1. Condition first: under 17 Å from LEU590 (Cβ atoms), touching a Lys or Arg at 6+ places or on another chain (Cβ under 8 Å) and either of a type in the set (S, T, N, Q) or not in a strand (DSSP E or B) (or both). Now tell me which residues in segment 627-662 satisfy that.
2. Within segment 463-479, can you find the residues that are within 14 Å of the chain's Cα centre (by Cα) and in contact (Cβ under 8 Å) with a residue 40 or more places away in the chain?
3. Considering segment 177-218 alone, what residues qualify as being assigned to a loop (DSSP other than H, G, I, E, B) and under 16 Å from LYS255 (Cα atoms)?
4. For segment 390-409, what are the residues that are surrounded by 23 or more Cβ atoms within 10 Å (Cβ to Cβ) and in contact (Cβ under 8 Å) with a residue 40 or more places away in the chain?
5. Kindly provide the set of residues from segment 277-291 that are in a loop (DSSP other than H, G, I, E, B) and either under 13 Å from the mean Cα position of the chain (by Cα) or closer than 16 Å to PRO450 by Cβ (or both), ordered by number.
6. Return the residues of segment 299-341 that are of a type in the set (Gly, Ala, Ser), surrounded by fewer than 19 Cβ atoms within 10 Å (Cβ to Cβ), out of contact with any Pro (no Cβ under 7 Å at 6 or more places or on another chain) and within 14 Å of THR374 (Cα to Cα); say none if nothing qualifies.
7. Which residues, taken from segment 584-611, are surrounded by 18 or more Cβ atoms within 10 Å (Cβ to Cβ) and assigned to a strand (DSSP E or B)?
8. Tally up the residues in segment 564-583 that are surrounded by fewer than 18 Cβ atoms within 10 Å (Cβ to Cβ) and among the hydrophobic types (A, V, I, L, M, F, W, C), please.
Amino acid sequence: MTRLNLFLALFCLLPLATRSQTIIESTHKVLASPDGNYEFTFYQKQFSDETKQMYYTVSFKGKSVIEESELGVLIESRLLEAALAIPNDDYRIWGENLDFIGDEKSSSDQTWKPVYGERSEIRDNYNEIVLKFKKGHIDSNKALQGDYDRSRYYMMNVVIRAYNEGVAFRYFFPEATNGLFLHIVGEQSQFTLPEGTMAYYERWAQGPYLLLPLKNWTDECERPLTMKLKNGLTVALAEAEMVDYVRGKFRLSKKKNNALQLSMYGCADVITPYLTPWRVIMAAEKPVDLINNNDLILNLNPSNKIKDTSWIKPGKVIRSGLSQSEAIACVDFAAERGLQYVHLDAGWYGLEKNIDSDATKVHPDKDIDFPALTSYAASKGIGIFVYVNQRALYLQLDEILPLYKKWGIKGIKFGFVQIGNQHWSTWLHNAVKKCAEYEMLVDVHDEYRPTGFSRTYPNLLTQEGIRGNEEMPDATHNSTLPFTRFLAGAGDYTICYYNDRIKTTHAHQLAMAAVYYSPLQFIYWYDKPSMYNGEPEIEFFDTVKAVWDDTKALDGEIGEFVTIARRSNTDWFLGTLGNNNARRVETPLLFLTNGQKYVANIYTDDDAIKTKTKVKITRLIVSDKDVLQFNLKPSGGCAVHFTPATKTDLKKYKSYKKNQQL
């Protein structure tokens, strides 16, 4: 580094207070959400050295969410340097020295119906402003009138949206007549939180959570990142529509206290026109409101591109052993117990990480006959899923898709996918698109976290990117997930029931099927049909759904407990997950239809029950006027299935009594 460059680098690290600064009034823009609760304020500052930098702040109901933070993109391009004839120190930072040339405002309020989801209808209501900037020397008056030679200048827009559910911003590079190539090496996207903020830090997608202040982190933090502010708000930072780009996480700023910097996995190479992923900010007075507003991620993605979606069928699934007899036993169990799929996991075509393993053939030591198996399963209304490691997917995808369709297989679970950099992100999403061409459903496992791609290609039913029952986490972790990981989208937790390694009660595992959203819901991950011994509470797994008409997060605190109710047609399913400690929970039933009586089929832990699982079933008549009260065991939970009561039900079951303990 030259002395001059070293001086410039050190100068940029000086506290802003040592450099005089003035807000450029023409750039001061305030965008409010339709309900007025959110305000996103944007402005540029002019410094004494004539440097200009973009900043923003965010507030919610008058409380600070994001304090003054930088915006911008770091670009490295010899083509850009030559085209604009600007010095090396200038062209890399695309939040600095941009000239504002105008803005466009718009609003949208519409509803759309997902192919499946947590709700059957989603409202997409926002206000938007597009702020337009240019790099290079241009007459601003001519620019505002469109009277300029675009090929001589480089353009960048900042796109900002404000929803009632949160705010989001991204960068847009309009098409350049010279087809400008961009080598994006980073973003200046910064998130400065109020002093005293505590974060639910998670180093990797399948990692544990630690509640930490914004200091002394050892590494990056996963997204979504949920935080507690001293002003009482709960805030989440997330990413949406990350498709042909680089995965972003969060790291502590080296220059500013209480500030997080977007940390990209690597560089991105793009050609204009190009949109970067959305950076999403959500705030709530109650933590459960983040869950109720999670449609924001889907709204920030393009609409469904699959014309015929009749073959996309969500459902519940059991994992089978790798033999024909075990698979047939699972098919029979699935048909009896109201499941929709049977999955054959790693190993059916050989060692999954061995380059010699051929995913077009069953390994010689396995007696699986897929055409016969899928035919038998179809006769019972059951579909077959198979696991394929990314090594085989990368080498054989064009071969296996027509073959699997011929065999009658309904879906593929992608295993050990590479994630993070632009190449593998693009490969993965293109693979999902190609699967759609062959009417193949997809479940992506390991570190991949959703950013809303399932709206555009709903054959991607679910994904892991979660510390689920493959790691057997404790109940405190489980009661943290709805406020963190599940804000991003569906999660394949792989629920277990009979396995001796689970660290929770069995009622807790039952409740997961209602609390955790996954359109492909694994229920018996480490279990076998032979483990079922007529436990009556299994009826909850039999009847619970994988997708919903409505969802309401009712109550909860991060890492302590959560209660979520979900509706399918006229039935409601409710789950409550406690943490490692015992807890008393009260649940008002205001979500039930007014004036309608329901049978509440209630599943709670009870050591007096003489079964291995020790789950008690209570059936009571309830209405929306009632408040159920539960005494949860340590690591416990409860599940409830509400069905509209018939006249026979009203005669058969007792009504719930006030203050009755369950």
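The values are calculated or read from the model by the stated rules, or taken from the named source; none is laboratory data. What you see is a predicted model; the values in this text were computed from it and never measured. So basically every Cβ, Gly included, is an ideal-geometry build from the backbone, and we count neighbours across all protein chains shown.
1. Selection gives GLN629 alone.
2. As a first pass, look at segment 463-479 and keep what is within 14 Å of the chain's Cα centre (by Cα): 463-467.
Matches in segment 463-479: GLU464, GLY465, ILE466, ARG467.
3. Taking segment 177-218 as the starting set, the residues that turn out to be assigned to a loop (DSSP other than H, G, I, E, B) are 177-180, 188-189, 193-197, 202-209, 214-218.
Correct list: GLN188, SER189, LEU193, PRO194, GLU195, LEU214, LYS215, ASN216, TRP217.
4. ALA392, ILE400, listed by residue number.
5. Our first condition is that a residue be in a loop (DSSP other than H, G, I, E, B); within segment 277-291, this holds for 277, 285-286.
The answer is PRO277, and nothing else.
6. Result: SER323, SER325, ALA335.
7. Correct list: VAL585, THR587, TYR598, VAL599, ALA600, ASN601, ILE602, TYR603, THR604, ASP605.
8. Qualifying residue count for the region: 1.
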